[in-house]
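See below for the structure under consideration.
The values are calculated or read from the model by the stated rules, or taken from the named source; none is laboratory data. Here the structure is a predicted model, which means the values were calculated and not measured. Don't worry about glycine lacking a Cβ; one is built from the backbone with ideal geometry, like all the others, and counts go over all protein chains shown. Side chains included, ligands, DNA and RNA excluded: accessible areas come from the protein's heavy atoms. Shrake-Rupley method; radii C 1.70, N 1.55, O 1.52, S 1.80 Å.
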Amino acid sequence: MKLVIADELQIKDSDIESLKEVTDLTVFNTKVSEEREIIERIKKAEIITVNYFDLTRNIIGKATKLKYVIVPATGYDWIDVEACNERGIKVQNCPTHNSAAVAEHAMGLMFAVARRTIEANRHIISGKWFPGSLTGIELQGKKLLTIGHGNIGKKICTLARNIGMQTDYVNSKTTDSELKDKIKESDVVVLCYPLNEKTIGSFNKEKLDLLKKEAILINVGRGLLLDQDHLKFKLENNEIYGAGLDVFNRDEVLLEGRDDIIELAKLNNVVATPHIGFNSKEAGERLSAEIVQNVRSILQGNPVNVVN
């Protein structure tokens, strides 16, 4: 089958060689944004990987031989799944490769916010030395709520219990009333659920206003899950203790800083990172292996990790 790695993708040389042995492989090592060029790259492909561009209905319509789309991530919100369904195209994701990396990053953000690590670092850089002014909070004994309980949410809960936190979770089966009650009771709330038509903007002003004044909010899911402007308002007015943010509104398409993100990151009660939760050496190696596994499962007639 004709496989096209359609844009920039970190994949081991040995796995590239493995794919060459079982497919007719073409590799493109650069990002692409021009629709015309995307169509040209994938026009003969039966299997493609899609990393940094939106796979739109129009592009899908031009890829007449396409049968499988592999997304090198857990989420797949940049794929027009409905258009794929209409064509009988199967979409596979890579659901487990980055679970440990994202869970550890969520915990790192949690510790950094709780102990005011970034603010303390700024004190040092500016020549200050007033440790008594930087009182933090301990996480041991605090109640953590993950909104989302997939691979990442489960690992976060495990790590949190290991440091003595109480853990709870909500998922797609949780009622809105139950969700609100659990938000009110929690000391740390972690967003780690997928972005789709139902979840976009779901952690809105109403949900944010339920957080305790001493609560910490962590977002390692997607920026568009929450009302970023209202979160900034609450942080500026010390209506919550702080936030650890690895994702922002449309951060996955950014090539440089953006004013609203920069202003958020400047707040003393915010720890902000540029969507690096997934980005560990080990996760990259697992992703490479998971892509190969997905391709081999297609060739064996039993595709795995199909999301549609």
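Please turn the phi angles of the stretch 22-29 into ³J(HN,Hα) values with the Karplus equation 6.51 cos²θ - 1.76 cosθ + 1.60 (θ = phi - 60°), one per residue in order, whole Hz, x for glycine and proline.
10, 9, 8, 9, 10, 10, 10, 9
Residues of the stretch 163-179 with backbone nitrogen within less than 16 Å of a virtual label 7 Å along the Cα-to-Cβ line of E138, please, listed as ranges.
Inside the label zone: 163-166.
Counting other Cβ atoms within 10 Å, which GluC sites (Glu not before Pro) in the stretch 155-201 have at most 14 and lie in a DSSP loop? All intermediate terms of the calculation are to be shown ahead of the outcome.
Values: sites: E178, E185, E197; in loops: E197.
Here the sparse-neighbourhood loop sites are E197.
Given 0.36 nm per residue, what is the gain on full extension from S14 to I39 after removing their alpha carbon distance, in nm? All intermediate terms of the calculation are to be shown ahead of the outcome.
Working: separation 25, 0.36 × 25 = 9.00 nm, distance 2.78 nm.
Value of the extension gain: 6.2 nm.
For K184 and R296, calculate 0.36 nm times their separation in residues minus their Cα-Cα distance, and state this gained length in nm to one decimal.
Working: separation 112, 0.36 × 112 = 40.32 nm, distance 4.63 nm.
Once the chain is fully extended between K184 and R296, it gains 35.7 nm.
What whole-number distance in Å separates the alpha-carbon centres of the stretch 71-100 and the stretch 208-284?
25 Å
Which of the pairs K180/K213; K44/K67; K155/K207 have their Cα atoms more than 18 Å apart in this structure?
K155/K207
Scale the Cα Rg of the stretch 1-65 by the rule-of-thumb value 2.2 N^0.38 Å and send over the ratio, two decimals.
1.08
Determine the principal axes of the Cα atoms in the chain, then give the extent along each, sorted from largest to smallest and rounded to whole angstroms.
63, 47, 34
Quick one: grab the alpha carbon gyration tensor of the stretch 33-154, order the square roots of its eigenvalues as a ≥ b ≥ c, and give me rounded if a/c is under 1.5, else prolate or oblate depending on whether a/b is larger than b/c.
The shape class here is prolate.
Which percent of the accessible area of the stretch 176-308 is formed by carbon and sulfur heavy atoms (probe 1.4 angstrom)?
Carbon and sulfur: 50 percent of the exposed surface of the stretch 176-308.
Roughly how many Å² is the accessible area per residue of the stretch 37-81, as a whole number, for a 1.4 Å probe?
41 Å²
For D260 and I163 in the same chain, what is the full-extension length gain: residue separation times 0.36 nm, less their Cα-Cα distance, in nm?
Contour length minus Cα-Cα distance gives 31.5 nm.
For the stretch 172-248, what value does the Rg/Rh ratio take when both radii are computed over Cα atoms and Rh is the Kirkwood radius, given to two decimals?
Rounded to two decimals, Rg/Rh equals 0.93.
Sorted by mean Cβ packing within 10 Å, highest first, what order do the peptides 225-236, 165-176 take?
Result, highest mean first: 225-236, 165-176.
Please compute P(r) over all alpha-carbon pairs of the stretch 96-153, binned at 10 Å starting from zero, and give each bin as a whole-number percent.
19, 39, 26, 14, 2
Could you do me a favour and compute the accessible area per residue for the stretch 161-308, 1.4 Å probe, result in Å²?
51 Å²
Can you order the peptides 94-105, 291-302 by their average number of other Cβ atoms within 10 Å per residue, highest first?
Values: 94-105: 21.4, 291-302: 16.3.
Ranking, from highest mean packing down: 94-105, 291-302.
Pull out a ≥ b ≥ c, the square roots of the eigenvalues of the alpha-carbon gyration tensor of the stretch 121-250, then state rounded if a/c is under 1.5, prolate if not and a/b is larger than b/c, and oblate in the remaining case. Walk me through the numbers before you get to the answer.
On the way: a/c = 1.82, a/b = 1.41, b/c = 1.29.
In terms of gyration-tensor shape, prolate.
Please report the relative contact order for the chain, taking Cα pairs under 8 Å with a sequence separation of at least 6, and give it as a percent rounded to a whole number.
Details: 549 pairs, mean separation 55.7, N = 308.
Value for the chain: 18 percent.
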